[in-house]
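J.: One structure is given below, represented as structure tokens, and several questions about it will come after.
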Amino acid sequence: MTQQLTPPIAAKKPHELVTHGDQRIDNYYWLNQQENPEVIDYLKAENEYTEEMMKHTEELQKSLYDEMLSRIKETDLSVPYRLQDYYYYSRTEEGKGYAILCRKYQSLEAEEEILLDQNKLAEGKEFFSLGVTSVSPNQQILAYSTDTTGAEQYTLFFLDLATRKLYSETIPNTYYSFAWGNDNQTVFYTKVDDANRPYQLWRHILGSDPSSDVLVYQEDDEAYYLSVGKTRSRAYILLELGSTITSEVHYLDANNPSGEFKLFQPRQTGIEYSIEHHSDRFYIVTNEEAINFKLMSTPVNSPDKTNWKTVIPHREEVLLEGIDAFADRLVIYERKGGLPTARIQTFATGEITQLTFPEPTYSFAGGNNPEFDTTKFRFSYSSMITPSSIFDYDLETGERELKKETEVLGGYDRTLYASERLTATASDGTKVPISLVYKKGINKDGSNPLWLTGYGSYGYSYSAYFSSLRLSLLDRGFVFAIAHIRGGEEMGRKWYEDGKFLQKKNTFTDFIACAEHIIAEKWTNSDRLVISGGSAGGLLMGAVINLRPDLFKVVVAEVPFVDVLTTILDTSLPLTVLEWEEWGNPNEQKYYDYIKSYSPYDNVTAKDYPALLITAGLNDSRVKYWEPAKWTAKLRQMKTDNNLLLLKTNMSAGHGGASGRYESLKEIAFEYAFVLDRLKISS
């Protein structure tokens with residue numbers, strides 16, 4: 001191995017932080033100065049050190065990249081979906097990093113029309129991401145937006161699909177959401193503030209100067225995000241406002257886009273709701289007096305809460321995740337026993353059909369269903385051994401038609417692999433699910449390398465999904481596992497609430513319990529145990545290695561949210577005020593003390609830590625690059641071991657890492673190579 005005797009050492013520049021009379025000295029606070037050449041030089045030096053220390057793995061990285069790429073059908077086609085007279089789909093071509101968006105008129109045998117070739121848009125750019133893609137109701141105009149920095153600030157364009165000419169106007173600093181009025185001329189878009197929070201809704205008339213656009217709504221409460229969308233019936237445009245725990249909806253007749261939005265129900269702290277439209281009624285999914293949510297309905301012409309009627313009452317054992325209304329049926333998305341499913345109810349008769357799935361742990365979600373009046377419901381399904389599959393479910397007969405299973409090249413045989421669902425017992429007695437996959441034939445003798453991942457924040461349920469890339473681990477004898485820890489919503493809304501605010505440490509102790517259970521059951525041992533997590537999952541990584549560094553051999557922390565206390569005390573940063581409803585407001589003493597007690601950066605101490613690969617994105621607007629950079633610097637100063645510690649900063653990307661499928665594959669190959677090298681698995 002090529003060695004560099006001394007890794008980069010960030011200069012200590014003590015900075016005093018005082019809150020509630022608590023004096024903290026942050027030696028690396030200065031790393032938040034992105035315009036400071038010294039900061040950029042330090043990040044580059046860390047990248048050079050990382051490259052040097054990984055140089056001996058370049059052949060392994062290449063081998064991993066090649067084998068992962070060899071399983072992917074590079075020239076491929078998505079399952080077309082019908083919207084009125086057109087079939088829409090995307091396709092990829094070998095050697096090209098981005099998808100091409102296409103459609104055909106009336107028949108799949110018709111001539112292809114390319115709507116947007118992202119490869120051409122990305123030419124000459126270090127980073128490229130497509131945001132909005134929305135076709136006008138008459139199918140003649142495409143609205144799309146692009147981000148070329150990774151900072152998640154998009155510029156909006158309009159393309160005339162008949163002439164292939166762009167409209168003259170462009171609109172910068174927009175966010176993901178967008179909606180068309182039914183007149184094919186009026187559009188609604190959102191703009192972001194200085195903290196990259198979508199806070200304004202604007203109305204634009206195609207062909208006009210954006211300087212004449214009308215500000216429809218501005219949300220001044222920094223705890224709320226603003227988004228715009230449309231009901232599946234296409235009858236209403238919805239302005240949705242949401243914090244982590246509260247929501248509010250305004251609605252507008254899509255046939256009258258110049259009209260005034262109406263408030264559906266005023267926000268009440270702690271009450272969440274969303275609405276869907278069908279015929280003469282609105283349907284409301286709400287958690288009011290229903291922790292796992294319930295379904296209500298009300299007449300369109302008198303939606304006041306006094307007229308709300310219960311359709312599905314609250315159930316202790318079932319989480320109501322949402323609904324989709326079709327012309328004749330209602331699709332009800334639910335989660336029970338940690339697993340996602342759906343029920344389909346016929347409006348006319350009330351008859352209900354339950355969707356069921358055969359495997360012990362799996363992933364299911366509604367698919368692309370733009371048509372309102374249809375007899376087909378499209379959904380996606382996969383498991384840790386079943387590749388992503390698209391089904392069309394016949395709403396009248398109940399029959400399922402497999403439209404496509406993602407092809408895994410190279411002769412993938414799912415019968416060679418097995419997936420299980422385990423249960424660990426947390427320190428307070430709570431049973432925590434674990435999804436697990438491995439190649440048959442391994443011995444449960446404690447010697448297997450095992451990769452354990454988790455997230456456990458914001459109520460996000462970590463799906464047990466298939467990855468062809470993961471085969472590069474499984475075929476080398478790895479077991480791969482997902483810990484479904486509290487802070488997610490796998491086991492219902494209480495599962496989330498028991499892993500936030502002043503109970504956040506349950507997330508970390510749950511993960512440790514899962515690791516201990518896997519070791520006790522002899523799936524692996526602590527010298528063969530790899531853990532990974534990204535963003536808030538990176539916070540998880542930082543917290544558990546502070547608590548139990550002896551339990552893990554290797555850690556991959558991707559864009560980790562590790563400087564929790566300092567970050568959410570700074571209201572100038574994106575997400576900060578919104579974050580108070582997840583972690584607590586540190587301006588209150590009880591939350592300040594609690595967050596300080598687990599914040600990874602604040603709890604680094606002089607002890608041995610596992611081998612660490614830490615990643616960052618210079619343009620990351622969600623977790624600023626300086627969080628992983630500061631954490632790395634402090635770990636270098638404090639840790640007492642000789643285990644490898646690397647920081648890898650993408651200098652031209654944001655939270656999601658490299659853009660383009662080939663560059664993303666290289667990043668994964670790099671992470672895998674780091675892990676294999678630390679475990680002394682040579683090929």
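The values are calculated or read from the model by the stated rules, or taken from the named source; none is laboratory data. Owing to the predicted nature of the structure, the values given are computational and were not obtained by experimental measurement. As a convention, Cβ positions derive from the backbone with ideal geometry for all residues, glycine included, and neighbour counts pool all protein chains shown.
J.: Quick test for you: out of SER659, SER664, pick the one residue that is out of contact with any Leu (no Cβ under 9 Å at 6 or more places or on another chain), buried (at least 22 other Cβ atoms within 10 Å of the Cβ) and polar (S, T, N, Q). Can you show your working first?
T.: Working: SER664 fails: buried (at least 22 other Cβ atoms within 10 Å of the Cβ).
Just one listed residue meets the conditions, SER659.
J.: What pairs come out if I take residues in the stretch 463-489 that are within 19 Å of VAL675 (Cα to Cα) and pair them with residues that are of a type in the set (D, E, K, R) and part of a loop (DSSP other than H, G, I, E, B) whose C-beta lies under 8 Å away, six or more apart or interchain?
T.: SER468/ARG71; LEU469/ARG71; LEU471/ARG71; PHE480/ARG470
J.: Of a type in the set (Lys, Arg), more than 30 Å from TYR625 (Cα to Cα) and either outside the structural domain of SER258 (by TED's automatic domain parsing) or out of contact with any strand residue (DSSP E or B) (no Cβ under 7 Å at 6 or more places or on another chain) (or both): which single residue out of LYS165, LYS120 fits that description?
T.: Step by step, each of LYS165, LYS120 is checked, and only LYS165 is of a type in the set (Lys, Arg), more than 30 Å from TYR625 (Cα to Cα) and either outside the structural domain of SER258 (by TED's automatic domain parsing) or out of contact with any strand residue (DSSP E or B) (no Cβ under 7 Å at 6 or more places or on another chain) (or both).
J.: Follow-up question, since we're still on this one. Give me the strands (runs of 3 or more DSSP E) completely within the stretch 200-296, filtered to those with at least 1 residues that are at pLDDT 95 or above and of a type in the set (Asp, Glu), ordered by residue number.
T.: Fully inside the stretch 200-296 and qualifying: 236-242, 247-253, 273-278.
J.: Which count do you get for residues in the stretch 145-182 that are hydrophobic (A, V, I, L, M, F, W, C) and either more than 30 Å from ALA235 (Cβ to Cβ) or without any contact (Cβ under 8 Å) to a residue 12 or more places away in the chain (or both)?
T.: Here is the first cut: in the stretch 145-182, the ones hydrophobic (A, V, I, L, M, F, W, C) are 151, 156-159, 161-162, 166, 171, 178-180.
From what is left, the residues that are either more than 30 Å from ALA235 (Cβ to Cβ) or without any contact (Cβ under 8 Å) to a residue 12 or more places away in the chain (or both) are 151, 166.
Total satisfying the criteria: 2.
J.: Kindly state which helices (runs of 4 or more DSSP H) lie completely within the stretch 552-670 and contain at least 3 residues that are farther than 30 Å from LYS125 by Cα and under 23 Å from the mean Cα position of the chain (by Cα). Reasoning before the result, please.
T.: Details: elements: 564-569, 576-583, 589-598, 626-638.
By residue number, 564-569, 576-583.
J.: Sort out which residues of the stretch 1-29 are in contact with a His (Cβ under 7 Å, 6 or more places away or on another chain) and either assigned by TED's automatic domain parsing to the domain that holds TRP626 or crowded, with 16+ Cβ neighbours inside 10 Å (or both), and write them in order of number.
T.: Correct list: ASP26, TYR29.
J.: Here's a follow-up. Testing ASP324 on (1) in a strand (DSSP E or B); (2) more than 23 Å from GLU351 (Cα to Cα), one condition comes back false. Which one is that?
T.: Here ASP324 meets the rest and fails (2).
J.: Given GLU59, GLU94, which one is over 18 Å from ALA616 (Cα atoms) and either in a loop (DSSP other than H, G, I, E, B) or at pLDDT below 95 (or both)? Spell out how you get there, then give the answer.
T.: Working: GLU59 fails: either in a loop (DSSP other than H, G, I, E, B) or at pLDDT below 95 (or both).
One residue alone meets the criteria, GLU94.
J.: Does the stretch 376-383 contain at least one residue that is within 25 Å of GLU521 (Cα to Cα), modelled with pLDDT of 95 or more, buried (at least 17 other Cβ atoms within 10 Å of the Cβ) and not assigned by TED's automatic domain parsing to the domain that holds ASN525?
T.: Yes: one or more hits.
J.: If you don't mind, another one. Does LEU101 satisfy being of a type outside the set (Gly, Ala, Ser), assigned to a strand (DSSP E or B) and buried (at least 18 other Cβ atoms within 10 Å of the Cβ)?
T.: yes
J.: GLU59 - would you say it is acidic (Asp, Glu), crowded, with 17+ Cβ neighbours inside 10 Å and in the same structural domain as TYR625 (by TED's automatic domain parsing)?
T.: When the stated conditions are applied, GLU59 does not pass them.
J.: Restricting the search to the stretch 73-97, which residues are of a type outside the set (Lys, Arg), surrounded by 17 or more Cβ atoms within 10 Å (Cβ to Cβ) and out of contact with any strand residue (DSSP E or B) (no Cβ under 8 Å at 6 or more places or on another chain)?
T.: GLY97
J.: Same structure again: Output yes when any residue across the stretch 509-528 is within 18 Å of the chain's Cα centre (by Cα) and modelled with pLDDT of 95 or more, and no when none is.
T.: Taking every residue of the stretch 509-528 in turn, none turns out to be within 18 Å of the chain's Cα centre (by Cα) and modelled with pLDDT of 95 or more.
Per-residue answers, yes or no, for (1) buried (at least 19 other Cβ atoms within 10 Å of the Cβ); (2) within 20 Å of SER659 (Cβ to Cβ):
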residue: ASP147; (1), (2): yes, yes
residue: ALA151; (1), (2): yes, yes
residue: ASP160; (1), (2): no, no
residue: THR163; (1), (2): no, no
residue: SER177; (1), (2): yes, no
residue: TRP180; (1), (2): yes, no
residue: LYS191; (1), (2): yes, no
